[in-house]
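Worksheet: one structure, shown below.
The values are calculated or read from the model by the stated rules, or taken from the named source; none is laboratory data. As the structure is a prediction and not an experimental result, all values here were calculated from the model. A quick note on method: Cβ atoms are made from the backbone with ideal geometry, for glycine too, and the neighbour counts reach across all protein chains shown.
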Amino acid sequence: MTDYLAVLKERGFIAQLSDEEGIAAYLSASERAFCYCGFDPTAESLHVGHLIPIMALAWFERSGHRPIALLGTGTTLIGDPSGRTELRRMLSAEDINRNGDLIHRQLARYLHFSDTASVVDNNARWLCGLEYIPFLREIGRHFSVNRMLAAECYKARLENGLSFIEFNYMLLQAYDFLRLSGEYGCMMQIGGNDQWGNILAGVDLIHRVADKQAYAITFPLITTASGAKMGKTAAGAVWLDPARTSPYEYYQFWRNTEDADVGRFLALFTFLPMDEIARLAALKDEECNEAKKILAFEACAITHGREAAELAADWKTNMPTGTVTSAQLAEGFALVDALVLLGACTSKGEARRLIQQGGIQVNDAPVTAIDAKLSAADAAGGEIIIRAGKKKYFRMVIS
């Protein structure tokens, strides 16, 4: 057993707490307390932006308690306005259910779903059968429209337009909390800081309907030291699904962490002990690369397994690879052709532009001539390493 609140504080998870003393008392009153976090299946995969609540649930399990991962296949039919500037694209029930099944499998990499450990549930089980008028009479009467409009998740949308269907989201999430408190005795909900208003609505609803005290913990929006949103790259989101973001790409994402973020990310995204994290965070300059390798390996191992992490760490083995013959090199093999062959560029035109922009290196040497050719002199050790942009590497093997 570990002190869950102490773990969250020490590792930098907490943005807001509804009642710290009450939360501590709730956790100490039972060896197997429940807390939940919801995941709306709006896509086939979760991404790195979801890792903070996932890791928080995993720490809850490691603390001896029982986390509930709630699949929001019911609430996804409505759409959460939090953090959005416009209405979400409406998905079919079939797509939402399929996404929910896929996300359930993803969450099973981090949590141990069983009768004695973590729990997975689905809010469509109770939401999709609700009758509208009875729901309004029983639940809707406890909500103040003025207070709802003051919540950040709604207030930010009023200028651009807030649809009535989205306006119902807070009621449904609060009702989820009420249901889970009744069925499991779950009196704590965790989530991103953008969910603070929705979670507090559930805390208030439980107090009004069941006359019980519930609790909320939210986590900060993680940004990098340079101010970029965590988990976003030039290519888009970093997905947890290996078919969307390969283990090699996932490893490289963490491997390219800014020096100033290494210690913080080790605390948030790995299970390494804090004394080891402190040692790694103290490494400077070239030595910091060792800490980055450990961060990349541990983060990749948690999401994709240790075998996949070991393969990803062997970057040459897993680097996108193409083949060129020695005869082709003897004649001179056009660099633009090599970039298209390797998948670094989708066309020769794109390859030429990237070369002109200074975005290509061959064996660590910048190349700016669009008619450059690879030759036998470039093939040290039977291969040529090409870098496209700052972080993507490719290997041309000579046969």
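Just checking, does region 236-243 include any residue being at pLDDT 95 or above, of a type in the set (A, V, I, L, M) and within 18 Å of the chain's Cα centre (by Cα)?
Yes, region 236-243 contains a residue that is at pLDDT 95 or above, of a type in the set (A, V, I, L, M) and within 18 Å of the chain's Cα centre (by Cα).
Considering (1) farther than 18 Å from Leu127 by Cα; (2) outside any helix (DSSP H, G or I); (3) of a type in the set (A, V, I, L, M, F, W, C); (4) at pLDDT 95 or above, say which one Ala69 fails and leave the rest.
(1)
Restricting the search to region 153-164, which residues are on the phi < 0 side of the Ramachandran plot and surrounded by fewer than 14 Cβ atoms within 10 Å (Cβ to Cβ)?
Lys155, Leu158, Glu159, Asn160, Phe164
Give the residues of region 312-327 that are assigned to a helix (DSSP H, G or I), hydrophobic (A, V, I, L, M, F, W, C) and at pLDDT below 90, sorted by residue number.
Across region 312-327, the qualifying residues are Ala312, Ala313, Trp315.
Among the residues in region 198-218, are any within 15 Å of the chain's Cα centre (by Cα) and closer than 27 Å to Val120 by Cβ?
Within region 198-218, not a single residue is within 15 Å of the chain's Cα centre (by Cα) and closer than 27 Å to Val120 by Cβ.
Output the residues belonging to region 245-296 that are in a helix (DSSP H, G or I), touching a residue at least 60 places away in the same chain (Cβ under 8 Å) and aromatic (Phe, Trp, Tyr).
Tyr248, Tyr250, Tyr251, Phe253, Phe269
Does region 118-170 hold any residues that are of a type in the set (A, V, I, L, M) and in contact with a His (Cβ under 7 Å, 6 or more places away or on another chain), and which are they?
Hit for region 118-170 is Val120, nothing else.
Can you tell me which residues in region 344-376 are modelled with pLDDT under 90 and in a helix (DSSP H, G or I)?
Selection gives Ala376 alone.
Looking only at region 261-279, count how many residues are surrounded by fewer than 19 Cβ atoms within 10 Å (Cβ to Cβ) and either farther than 17 Å from Leu221 by Cα or polar (S, T, N, Q) (or both).
8
Does any residue of region 252-262 turn out to be outside the structural domain of Gly197 (by TED's automatic domain parsing) and modelled with pLDDT under 85?
No, every residue in region 252-262 fails to be outside the structural domain of Gly197 (by TED's automatic domain parsing) and modelled with pLDDT under 85.
Among the residues of region 312-327, how many are in contact with a helix residue (DSSP H, G or I) (Cβ under 6 Å, 6 or more places away or on another chain) and surrounded by fewer than 16 Cβ atoms within 10 Å (Cβ to Cβ)?
Residues in region 312-327 being in contact with a helix residue (DSSP H, G or I) (Cβ under 6 Å, 6 or more places away or on another chain) and surrounded by fewer than 16 Cβ atoms within 10 Å (Cβ to Cβ): 0 in total.
Would you pick out the residues in region 202-215 that are in contact with a His (Cβ under 9 Å, 6 or more places away or on another chain), more than 12 Å from Glu138 (Cα to Cα) and assigned to a helix (DSSP H, G or I)?
Of everything in region 202-215, just one residue is in contact with a His (Cβ under 9 Å, 6 or more places away or on another chain), more than 12 Å from Glu138 (Cα to Cα) and assigned to a helix (DSSP H, G or I), namely Asp204.
Out of curiosity, is Lys348 among the basic types (Lys, Arg) and surrounded by 13 or more Cβ atoms within 10 Å (Cβ to Cβ)?
Judged against the criteria, Lys348 is a match.
Looking for whichever is touching a residue at least 40 places away in the same chain (Cβ under 8 Å), assigned to a helix (DSSP H, G or I) and surrounded by fewer than 16 Cβ atoms within 10 Å (Cβ to Cβ) here; the options are Ala299, Ala330, Ala338, Ala309. Which one fits?
Ala330
From the residues in region 219-235 that are part of a strand (DSSP E or B) and more than 19 Å from Gln195 (Cα to Cα), which one is modelled with the highest pLDDT?
Lys232
Hey, among Ala334, Ala344, Ala388, Ala365, which residue is outside the structural domain of Glu249 (by TED's automatic domain parsing), small (Gly, Ala, Ser) and more than 30 Å from Asp261 (Cα to Cα)?
Ala334
Is it the case that Ala282 is modelled with pLDDT of 95 or more, assigned by TED's automatic domain parsing to the domain that holds Gln195 and on the phi < 0 side of the Ramachandran plot?
Here the answer is no, as Ala282 does not meet what is asked.
Out of everything in region 118-163 that is within 18 Å of Leu205 (Cα to Cα) and small (Gly, Ala, Ser), what residue ends up being modelled with the highest pLDDT?
Gly140
Looking only at region 170-198, which residues are in contact (Cβ under 8 Å) with a residue 60 or more places away in the chain and of a type in the set (A, V, I, L, M)?
If the condition is that a residue be in contact (Cβ under 8 Å) with a residue 60 or more places away in the chain and of a type in the set (A, V, I, L, M), then Leu172, Leu180, Met187, Met188, Ile190 are the ones that fit.
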